[in-house]
């Protein structure tokens, strides 16, 4: 892999993946980062990496749905591998406005697959990053495996399920070399603050209400973003082509437990609230999300057995690192929350 196209590389997981490639992996080639720079894409997340990488890093402001522009990227940079992160990913937003999810997650994936298929003489791999939400909701027991039937319950998860099927079809129909990964809930540095963990961390630091959907007993399997990216890289290098691999952290937690742990860490690491108020007193139960899946849990035994991957972080250690990062990166957070970074993007790239 000499010229690796990373789509959505300015988003949360994508930017952490590019950072991992340059700072910790054995990758020696060039990364071409294509990002549309929607509300959750922030090139500032990679400013230091881009400076150090020099000619080994290229950023292209572009839309994966634009087949002409993407063909130009494939050919100008001699793309020979793709790691496809780009997606609309927030369930609540998909419920309100599913259009963007259908366009980006399904049509955008099709555009990339078709361009890769037309250049199969040089394409070594198309890796597609997906989610465990395609499997639907679990009961109190059991785990999602690679053989679990798809049963998506939101427009977001349905759009990701469709893109998974397209990737698999391009392998079986045309022989395109592909791998797919379905991951559990990610958390860590550079996550846009609409998601549960960064939202609760920031509200807890500031003494604001901590919103929890429904009864707070929905269960998620939490995966530290660096662990996710080490797994993706292992799959890209050594995974069997045409195969799907589940990536999980083996950290099942009820949402209310996650919020409580964050409260305790913020109490320990941040200044106390005025008047001796405790963060746990800020927990506020709000109306549940429509169609809210009750439990997700990943069985990642296939990945562990075939490729020897294990998550390095427990939920306790990963969450502590995440809270500490938020306390140490107030400038980045302030710019994201104020929209200042988006105004910078518009000044440099247009609306």
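Considering region 161-249, what Rg and Dmax in Å follow from its alpha-carbon atoms?
Over region 161-249's Cα set, Rg and Dmax evaluate to 17.3, 55 Å.
In Å, what Kirkwood hydrodynamic radius results for region 193-351 from the alpha-carbon pair distances?
17.8
How many angstrom separate the Cα center of region 29-49 from the Cα center of region 104-153?
What the calculation gives is 22 Å, centre to centre.
As a test of the definition: which semi-axes, in Å, follow for region 113-265 when you take the square root of five times each eigenvalue of its alpha carbon gyration tensor? Largest first, please.
33, 17, 14
Could you give the length gained on full extension between residue 121 and residue 99, defined as 0.36 nm per residue of separation minus the Cα-Cα distance, in nm?
This chain segment gains 4.5 nm when fully extended.
Calculate the tail of P(r) for region 112-155: the fraction of all Cα-Cα distances greater than 12 Å, expressed in %.
When every Cα pair of region 112-155 is considered, 70 percent fall beyond 12 Å.
Could you state the principal axis extents of the C-alpha atoms in region 148-195, from the largest down, to the nearest angstrom?
40, 24, 17
In region 98-128, whose amide N lies under 13 Å from the spot 7 Å out along Cα-to-Cβ of residue 38? List them in ranges.
Under 13 Å, as judged by backbone N against the label point of residue 38, lie 98-109 of region 98-128.
Kindly express, to the nearest 10 degrees and within the range 0 to 90, the angle between helix 196-206's C-alpha long axis and the longest C-alpha principal axis of the chain.
That works out to roughly 40 degrees.
Just the number, please: percent antiparallel of the DSSP beta bridges in the chain, rounded to the nearest 5.
5
For region 167-192 and region 234-281, write down the distance between their C-alpha centroids in whole Å.
Result: 22 Å between the Cα centres.
Rg/Rh for region 3-106 to two decimals, with Rh computed the Kirkwood way over all alpha-carbon pairs.
The Rg/Rh ratio comes out at 0.98.
Beyond 20 Å, what share of the Cα-Cα pairs of region 51-162 remains, rounded to the nearest whole percent?
For region 51-162, the fraction of Cα-Cα distances above 20 Å is 51 percent.
Once the Cα atoms of helix 155-174 and of the chain are each reduced to a long axis, what angle between those two axes, in degrees from 0 to 90 to the nearest 10, is obtained?
Approximately 20 degrees, to the nearest ten.
In nm, what is the difference between 0.36 nm times the number of residues separating residue 69 and residue 24 and their Cα-Cα distance?
Gain in length upon complete extension: 13.1 nm.
Values quoted throughout were computed directly from the atomic coordinates according to the rules given, and no laboratory measurement underlies them. Owing to the predicted nature of the structure, the values given are computational and were not obtained by experimental measurement. Reconstructed Cβ throughout: ideal geometry from the backbone, glycine too, with neighbour counts over all protein chains shown.
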